[in-house]
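One structure below.
The values are calculated or read from the model by the stated rules, or taken from the named source; none is laboratory data. Keep in mind that this is a model prediction, so the values were computed, not measured. Note that each Cβ is placed from the backbone with ideal geometry, even for glycine, and that neighbours are counted across all protein chains shown. What goes into the accessible areas is simple: the full protein's heavy atoms, side chains included, and nothing from ligands, DNA or RNA. Shrake-Rupley method; radii C 1.70, N 1.55, O 1.52, S 1.80 Å.
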Amino acid sequence: WKAKLALTELGTYFSKGISEAVNENPALRQLSMIKGPEITNIRMKTVNQKLSYWETVDDDELAKSLANHLTAYDIQEMAEAANNFLRIFNRLGEQKPDIYAELAGQFAGAIDGYELAKAGQQIFDGAGRELKPLARSMVPKLVMWICGVIAPADDEYEDDAQEAREALRTLFMKEEV
């Protein structure tokens, strides 16, 4: 762990030094803005080449290979790690009930609401028009799935689902007035 921490610190110092040098020199800063995406493009090209290769593989081999790949993961271990994280998360919340509200409040207080609203406007007024066909292909299915999720059922979550249905009913009734 000492070695891992030391390497992480060295990497951080190295990155910080490069960033400082780049940011102090306008020409290097501009070059960084141009060359940074080139690194991402190189990585993306490699991923795309791998995926393009798999596009040429027949369906049976592709299905067999991907199934073998996916089943090689220890899903039980992943789920147990998620469960352990959730238990720790919940224990912290029980011992320090205000911690998550405090952290969210600090974060929300530090975010510039005007800039966030302006960014939302840029996304939904600008790019939103371009994304609408994609959203229309997915959002209706998402809404139908959510409706199925909160539909009445005899399980331990029915009270919460009923509350959600009532909240939606109230929302829609207000809009009709």
**Prompt:** Hey, any hits in segment 36-51 for a residue that's out of contact with any Cys (no Cβ under 6 Å at 6 or more places or on another chain) and not in a helix (DSSP H, G or I)?
**Reply:** no
**Message:** Here's a check for you: in segment 157-167, which residue that is outside any loop (DSSP other than H, G, I, E, B) and open to solvent by 70 Å² or more (accessible area, probe 1.4 Å) is farthest from residue 147 (Cα to Cα)?
**Reply:** 159
**Prompt:** Across segment 91-126, what is the number of residues that are open to solvent by 80 Å² or more (accessible area, probe 1.4 Å) and not in a helix (DSSP H, G or I)?
**Reply:** 4
**Prompt:** Hey, among 62, 70, which residue is over 26 Å from the mean Cα position of the chain (by Cα) and either part of a helix (DSSP H, G or I) or at pLDDT below 95 (or both)?
**Reply:** 62
**Request:** Determine which member of the set 86, 28 is modelled with pLDDT of 95 or more and surrounded by 10 or more Cβ atoms within 10 Å (Cβ to Cβ).
**Result:** 86
**Request:** Tell me, please, whether a residue that is surrounded by 10 or more Cβ atoms within 10 Å (Cβ to Cβ) and of a type in the set (Ser, Thr, Tyr) can be found in segment 53-67.
**Result:** yes
**Asked** Looking at 139, 149, 143, which is the one that is open to solvent by less than 100 Å² (accessible area, probe 1.4 Å), in contact (Cβ under 8 Å) with a residue 12 or more places away in the chain and part of a helix (DSSP H, G or I)?
**Response** 149
